[in-house]
Amino acid sequence: MPDIIRPIAKNIIFPLIILREKSSTLKHLAEMEITQFLSAEEIRNLQLERLKKLMVHAYKNCPFYTKRFDEAGFKPEKMHSLEDILIIPVLTKKDIQRNKETIKDKNFGKDMLIPNKTGGSTGSPLHFYLDADRLFSRQAATFRHNRWTGWDIGVKTAALWGHREDISGLQHFKARLRNFLVDRRVILDTSSITLEKLASFKLQLRQFNPMVYIAYANSMYLFARYLKETNSTDHHRPRAIITSAEVLDPEQRMLIEKIFDCRVFDRYGSRETSVIASECDKHTGLHICAETFLLEFIKENKPVASGELGKIVITDLLNYGMPFIRYQIEDAGIPAGDNCSCGRGLPLMKMAAGRVTDFFVTPDRKIISGASLTIYLIANTPGIAQAQLIQEKIDEIVFKIVKGDNFTEESLKFLKNEIPKYFGDSVKYQIEYVDQIPLESSGKYRFSISKVDPAEIF
Ligand SMILES: [Zn+2]
């Protein structure tokens, strides 16, 4: 049966919403559809122009950067290459936690900025602001990258997602109506998973028949394993699957593609940035959204050569409300040139291998997403600078915590109250305070480590 809502959603309802919200999303989208096919050199020139404008703005309007640039001897108006910013120290999560108000543009009132927060796969919670236009350009970038998979406005999608707040929004009638008519997305909550839930995902997907799935990588893999273990043949197959929020291993990709008989489009993004890079239909690497972000891959404060692993340092070229300049996002990646047969000049990158967040398994056969816990448990506990959760056995969890400035007895009380809500009453847990959390040999920081295989519940 033809999908009659789809053209109405795309051509009538969505443009009406844009008009009502005075949104610049479509303007940004139209621009980005063109700029993605500029040559690599033209894109670098565009980045330099935007970077210089941002640096001049930040120096003038954000007290934190005025001081930082002065101390580094950096003169924004004299910039002539992208590498000039190498003399500015990286912006750490701690810098943001401590200087939120001075990193922000002093001319922006709080009501002109949109607050947001992240648990981060690194377990260091972060609160920050976006200006309104940046919200629209982020939406536009997401739309553009979605289109590479065949997903356009009005198309039905499913989200196997570990962030419940995206779902609770749908409790309101208006939000449900909007979802029915425009977003057309079924959300399958993967923050905690049981066998019954997996069976219900299978049923809902068959009934809803979405064209594209967007999923936490580990959740998608777990669902694929469930379908394999239960010898499923009658499950739904989408046209494409986007994996995000967690690192996708090659072995995970292989199984997902086999079970669902479609290609996986891996994506790299974060809550503080939205989509940073994603695969096109050639799957040669992830195209960086270079009109909005400058990515550096750094080792010992020097850019690495193409093909080498470096720490990712990111500058958001368009968030004037609270500029992130040389933000150390605590991920690692590999610059991979700019030669893709799709014709896009957007540079390519690859993510460093290795999982950062594992699932936990509870004695009552529930699977808890480590990535979701960073948002719900860690980001909501006041004063945690960093955390790591380790499950050695099914009924034993160790919480390693680096205390931040605001960590008090109340924080501990909050944690003790919340932990059983996720893990149940029979799990023994231990809280250890540490000065720092060591990195893995890969240079990565792992938020959650579990020695228990979630497939044990199948
Ligand atoms: Zn490409």
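The values are calculated or read from the model by the stated rules, or taken from the named source; none is laboratory data. Worth saying up front: this structure is predicted, and the values here are computed from it rather than measured. Neighbour counts run over all protein chains shown; Cβ positions are idealised from the backbone, glycine included.
Here are a few things to note about the model shown:
- Segments classed as helices (runs of 4 or more DSSP H), wholly inside the range 151-269, with at least 1 members that are within 29 Å of Phe423 (Cα to Cα) and in contact with a strand residue (DSSP E or B) (Cβ under 6 Å, 6 or more places away or on another chain): 165-168, 195-208, 217-229, 250-260
- Ile368 meets all of the listed conditions (1) farther than 30 Å from Arg144 by Cα; (2) of a type in the set (Val, Ile, Thr); (3) out of contact with any helix residue (DSSP H, G or I) (no Cβ under 6 Å at 6 or more places or on another chain) but one, namely (3).
- Checking Glu33 against (1) surrounded by fewer than 17 Cβ atoms within 10 Å (Cβ to Cβ); (2) more than 27 Å from the chain's Cα centre (by Cα); (3) not hydrophobic (A, V, I, L, M, F, W, C), the condition it does not meet: (2)
- Of the residues in the range 221-235, at least one is free of Cβ contacts under 8 Å to residues at least 60 places away in the same chain, within 22 Å of Lys444 (Cβ to Cβ) and either surrounded by fewer than 21 Cβ atoms within 10 Å (Cβ to Cβ) or in contact with a Leu (Cβ under 7 Å, 6 or more places away or on another chain) (or both).
- The residue of the range 79-94 that is farthest from Phe324 (Cα to Cα), among those that are touching a residue at least 24 places away in the same chain (Cβ under 8 Å) and of a type in the set (D, E, K, R), is Glu83.
- Residue match in the range 289-307 (condition: away from the ligand (no atom under 16 Å from the Cβ), in contact (Cβ under 8 Å) with a residue 24 or more places away in the chain, within 17 Å of Ile214 (Cα to Cα) and in the same structural domain as Glu33 (by TED's automatic domain parsing)): no
- Selection of the range 270-280 for residues being near the ligand (Cβ under 9 Å from one of its atoms) and assigned to a loop (DSSP other than H, G, I, E, B) yields only Cys280.
- Taking the criterion of being out of contact with any helix residue (DSSP H, G or I) (no Cβ under 7 Å at 6 or more places or on another chain) and of a type in the set (Val, Ile, Thr), the residues of the range 377-392 that qualify are Ile378, Ile390.
- Qualifying positions in the range 391-426 - aliphatic (A, V, I, L, M) and in a loop (DSSP other than H, G, I, E, B): Ile394
- Test: residue in the range 340-350 that is free of Cβ contacts under 8 Å to residues at least 60 places away in the same chain, more than 25 Å from Phe447 (Cα to Cα), buried (at least 18 other Cβ atoms within 10 Å of the Cβ) and within 16 Å of the ligand (Cβ to nearest atom): no
- Within the range 27-43, residues that are modelled with pLDDT of 95 or more reach partners that are of a type in the set (A, V, I, L, M) with beta carbons closer than 6 Å, at six or more positions or on different chains, in the pairs His28/Ala140; Leu29/Ala140; Met32/Ala140; Gln36/Leu346; Ile43/Ala290.
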